[in-house]
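Following: one structure in C-alpha cells, then a few remarks.
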Amino acid sequence: MTTWSAKDDLEAAQSRADVKIVSLTDLSELEDARRVFDAVWPSRTGSSQIQSNLLKALVHAGGYAAAAYRDDRAIAAALAFVGRHRQLGQGGWHTHLHSHMAAVLPEYRDQHIGSALKKHQRWWALEQGIDTVVWTFDPLVRRNAVLNLVKLGVDVEGFEVDFYGSMDDEINDGDPSDRLFAWWRLNSERAVAASEGLGARLDPTDMVLAGRDVIEVELPVDIVGLRASDPAAAAQWRVAVREALVAGLADGYKIVGVSPTDAYVLERTT
C-alpha cells in the first residue's frame, strides 16, 4: 500500500467517524492524550497512566502520539514508540512501531473512531518509512478482536500469559494480563484487503467442508462488563480462552480470523 492510498483510506475513515485526527507534539496537546488515557483506564490509586513529560520525551525521540477530535474535544488518543525486532532467517534488526496505548472514551465507542485512529497510525508510520506496527491486545475483548483481524488485517503471532503482570487500573485490576500479539504489516495483502472491506470474517463450516483443519474459540460478549457484574464468571472465561489458545497454538494452529459469531477461527498451519 502506498502512503498516498493510506492517506485516502485515512481521510475516508475520519469522515465516517466524524473526527479529525492530528499528530501531537506540544505539551498542551499531549495533555489532551493523557486525559483520554486516564479516563479510559482510571487508576485506583489516583495516579496518571502516563505523565505528559514522558509523552513529550517519547515524541521527541521519534515516537507517535495522536488524538481524535470532535467539536474541539479530544475523544480518543494513541501512543506508540519506535522498536525493533530480529527478522527470523534474515539476520539483523527490523524497525517497527510499537503501539502501546490506543483508547476511545466510552461514550464514543462503536462509532468507527478506533479504526480511524489506527488508520492514522498506519499513514504516519508509512510516512516515516516504517512498514510494520506491533501491539498487544486482551484476547477476551471481542470488539478488539474484530477490529484487529477484520477491520485492520493484522497477523496474530504469539500469546503470553500475564504479559504485563499486575495492572492497577479499574478495568484490568485483579485480572491476569494475558495478551495476544498483533503484527500489522502495512503493505501486506491481508492489510490491503481489510482496508477494502475484505477482512478475515471466516465461516468455519465452509472451511471444514473445503478440507481445512480449523477450530473455534468462543469469546464472551462483553468481558469488561462481566468483570464488574460477575468476576467469577469473567475469571472462568479467562482460563477457558487461555487454555484453548495455548493448546491450539502449541498444536500448530494459528489465529486466522473471526467467525460470523465473533469467535476466533484457528487453522492448523503446520
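Among the residues of region 1-56, which ones are open to solvent by 40 Å² or more (accessible area, probe 1.4 Å), within 27 Å of LYS151 (Cα to Cα) and not charged (D, E, K, R)?
MET1, THR2, THR3, TRP4, SER5, ALA12, SER15, VAL22, SER23, ALA39, TRP41 - these are the residues of region 1-56 that are open to solvent by 40 Å² or more (accessible area, probe 1.4 Å), within 27 Å of LYS151 (Cα to Cα) and not charged (D, E, K, R).
What about LEU249, is it part of a helix (DSSP H, G or I) and closer than 24 Å to ALA210 by Cβ?
The answer is yes for LEU249.
Does TRP124 satisfy the criteria of being open to solvent by less than 50 Å² (accessible area, probe 1.4 Å), closer than 19 Å to MET101 by Cα and part of a strand (DSSP E or B)?
Spelling it out, it is not the case that TRP124 is open to solvent by less than 50 Å² (accessible area, probe 1.4 Å), closer than 19 Å to MET101 by Cα and part of a strand (DSSP E or B).
So if I check each of GLY91, GLY114, which one is in contact (Cβ under 8 Å) with a residue 24 or more places away in the chain and under 25 Å from LEU180 (Cα atoms)?
The match here is GLY114.
Could you tell me which numbered condition LYS151 fails, if it satisfies all but one of (1) buried (at least 19 other Cβ atoms within 10 Å of the Cβ); (2) of a type outside the set (Gly, Ala, Ser); (3) without any contact (Cβ under 8 Å) to a residue 12 or more places away in the chain?
LYS151 satisfies all of (1) buried (at least 19 other Cβ atoms within 10 Å of the Cβ); (2) of a type outside the set (Gly, Ala, Ser); (3) without any contact (Cβ under 8 Å) to a residue 12 or more places away in the chain except (3).
If the Cβ limit is 7 Å and pairs must be 6+ apart or interchain, which residue in region 194-215 that is at pLDDT 95 or above pairs with which residue that is open to solvent by 70 Å² or more (accessible area, probe 1.4 Å) and β-branched (Val, Ile, Thr)?
Qualifying pairs under 7 Å: VAL214/VAL208.
Of all residues in region 85-117 being within 14 Å of VAL19 (Cα to Cα) and of a type in the set (Ser, Thr, Tyr), which is least open to solvent (accessible area, probe 1.4 Å)?
SER115
Counting residues that are closer than 20 Å to SER188 by Cβ, which strands (runs of 3 or more DSSP E) fully inside region 1-101 reach at least 2?
73-86
The values are calculated or read from the model by the stated rules, or taken from the named source; none is laboratory data. Bear in mind that the values here come from a model prediction, so they are computed numbers and not experimental data. For neighbour counting, all protein chains shown are included, and Cβ atoms are generated from backbone atoms with ideal geometry for every residue, glycine included. Side chains included, ligands, DNA and RNA excluded: accessible areas come from the protein's heavy atoms. Shrake-Rupley method; radii C 1.70, N 1.55, O 1.52, S 1.80 Å.
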